[in-house]
Amino acid sequence: MVGAGVANINAATKLIDNGYEGKITIIDMGKDPHNRLPEEVMTGMLGAGGWSDGKLTYHTSIGGQLSKYCGDKKAMELMDQVIENFKRFHPKPEAVQCSDPQEEPEFIKPYFGLRLFPVWHVGTDYLHEIGKNWYQYLVDNGVEFVWETKVTEIDFDNQMVMCGEFGDKYDRLIFGVGKSGIDFGKKLAEKYELPTEPKSVQIGVRFEAPQKHFQKLIDISYDFKLYRKFEDKGVSLRSFCTNNNAAYVAAEHTYGDYSYNGHAKKDEAYRNDMTNFGILMEIKNIDKPFDWSREAVKKLQKDGKGTYYSPSHRTPSKTSEGDYVKTEVVDSIEPLYDALGDYALYIEDFINDMKEVFPTLGDDWGIYMPEVKYLSPEPLVNYDDLSLEDYPNIHFVGDALSARGITVSGAQGIYVAESIIAEQNHPLQYIKHDLFV
């Protein structure tokens, strides 16, 4: 397994729980959960989302494609298993709660659509302990972890994983590199001429303001999803990953550049009465969307950091560790236009309409630029086990397959593991299937 993110950790757990007879090796650039620092967001045990975001979305229409491969009923069953795993290794499983808002408020409708769906709240405070408990279970059951090691090449034809000058053979590979390895997946797709499905650009800002301005919506939906679509322009926008009460902005360092995300603590000691969420814009029909996104992100860097703007000159906030968020303050929103061109107007209009819906907001806010979800072209896979069409022993999962979320990533990993267990237990069926194909 390449990557120790949520997808592969859930896959390994499913294999162990069901008596997998082979050896499992997981390679990751980051550190084990005992040595991984809180600010090391992008790599390591449980990946980016499982280390800094304790919200598990619970709906087939949120977080990327899953039901496309297995149907809605199976998708929900797989997501249930992911949620149970987080509870299983949680030091206080009774603290895991589900919010399920039902009714869209009238004051939103003139300006935005609002998606309502269930969300399981694990709590960022507990993620590191969950990671340690989960890690110990896998180690105790024979899983070998190779930490702080970057996979530099994969030879699909000779079944070799290369880490610099050193390599090792594999019989089966699960590729779950997460957001920090999207460019690696893109490189492999190009090298082996994998059939792919083109993806859109997903880029925007991380918006932050005092929670009081949004409280009437938070009371209805904690992780609210405001959205609007401009189908004739190939553009849609949505609020993404809302954090409240003890809400913190996190800097992510990817490909040498800074972008921003957010997380929330459950411990009252961390309460800061702030709200933050992404305003994420999806743009279709961009040629080479990955390269376009990388270039836009670079334009939003200043003095080696991302940028921050507030019309009321609010200062950037502090992290949950008490340090200021790594960002450079700019005095206007112009850098966003320099990076995104006229597309920046959609984000500015989104913010202006929020000021209409939440009249106390005014200019009492700030934006961290950019927030980005790198999406390279998605490899076409077999629906029954997420394997590559020309390499049936290689499976793509998680962000490498455009999962975009903890629950869906974990579910994809479990889905692959189930197919491996079924093949192990009923090999003749799989031989016959391959012969007919």
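The values are calculated or read from the model by the stated rules, or taken from the named source; none is laboratory data. No experiment lies behind these values; they were computed from the predicted model shown. Ideal geometry is used to build each Cβ from the backbone, glycine not excepted, and the neighbour counts take in all protein chains shown. The area values use the complete protein model at the heavy-atom level, side chains included, leaving out ligands, DNA and RNA. Shrake-Rupley method; radii C 1.70, N 1.55, O 1.52, S 1.80 Å.
Here are the numbers for this structure:
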item	result
Tally of residues being open to solvent by less than 70 Å² (accessible area, probe 1.4 Å), of a type outside the set (Ser, Thr, Tyr) and not in a loop (DSSP other than H, G, I, E, B) across segment 97-130	10
Residues that are among the β-branched types (Val, Ile, Thr) and within 19 Å of residue 26 (Cα to Cα), drawn from segment 370-398	394, 397
Members of segment 356-377 that are in contact with a strand residue (DSSP E or B) (Cβ under 7 Å, 6 or more places away or on another chain), crowded, with 22+ Cβ neighbours inside 10 Å and within 27 Å of residue 183 (Cβ to Cβ)	367, 368, 369, 370, 371, 372, 373, 375
Among the residues listed as 287, 338, 291, 353, the single one being open to solvent by 20 Å² or more (accessible area, probe 1.4 Å), closer than 22 Å to residue 111 by Cα and either of a type in the set (D, E, K, R) or at pLDDT below 95 (or both)	353
Matching residues, segment 248-257, being within 18 Å of the chain's Cα centre (by Cα) and surrounded by fewer than 24 Cβ atoms within 10 Å (Cβ to Cβ)	248, 251, 252, 253, 254, 255, 257
Some residue of segment 222-236 being closer than 21 Å to residue 178 by Cα and either without any contact (Cβ under 8 Å) to a residue 24 or more places away in the chain or surrounded by 19 or more Cβ atoms within 10 Å (Cβ to Cβ) (or both)	no
Single residue of segment 21-58 satisfying the filter (open to solvent by less than 10 Å² (accessible area, probe 1.4 Å) and outside any loop (DSSP other than H, G, I, E, B)) that is modelled with the highest pLDDT	26
Yes/no for residue 386 being open to solvent by 30 Å² or more (accessible area, probe 1.4 Å), farther than 27 Å from residue 233 by Cβ and of a type in the set (A, V, I, L, M)	no
Matching residues in segment 393-419 - criterion: being assigned to a helix (DSSP H, G or I), in contact with a Lys or Arg (Cβ under 9 Å, 6 or more places away or on another chain) and open to solvent by 10 Å² or more (accessible area, probe 1.4 Å)	399, 406, 415, 418
Count - residues of segment 155-201 that are open to solvent by less than 50 Å² (accessible area, probe 1.4 Å), at pLDDT below 90, among the β-branched types (Val, Ile, Thr) and farther than 18 Å from residue 5 by Cβ	0
Qualifying positions in segment 59-68 - open to solvent by 20 Å² or more (accessible area, probe 1.4 Å) and either in contact with a strand residue (DSSP E or B) (Cβ under 8 Å, 6 or more places away or on another chain) or in a loop (DSSP other than H, G, I, E, B) (or both)	59, 60, 61, 65
Residue 275 vs. criteria at pLDDT below 95, part of a strand (DSSP E or B) and open to solvent by less than 10 Å² (accessible area, probe 1.4 Å)	no
Single unsatisfied condition, residue 125 versus (1) farther than 19 Å from residue 28 by Cβ; (2) modelled with pLDDT of 95 or more; (3) not hydrophobic (A, V, I, L, M, F, W, C)	(2)
Of all residues making up segment 297-344, the number that are within 30 Å of residue 230 (Cα to Cα), without any contact (Cβ under 8 Å) to a residue 60 or more places away in the chain and assigned to a loop (DSSP other than H, G, I, E, B)	8
Matching residues, segment 45-78, being under 18 Å from the mean Cα position of the chain (by Cα) and over 21 Å from residue 243 (Cβ atoms)	45, 60, 61, 65, 66, 67, 75, 78
Counted residues, segment 212-221 - those being touching a residue at least 24 places away in the same chain (Cβ under 8 Å) and open to solvent by 10 Å² or more (accessible area, probe 1.4 Å)	5
Candidate set from segment 73-96 (those that are among the basic types (Lys, Arg) and either in a helix (DSSP H, G or I) or open to solvent by less than 20 Å² (accessible area, probe 1.4 Å) (or both)); member that is farthest from residue 6 (Cα to Cα)	73
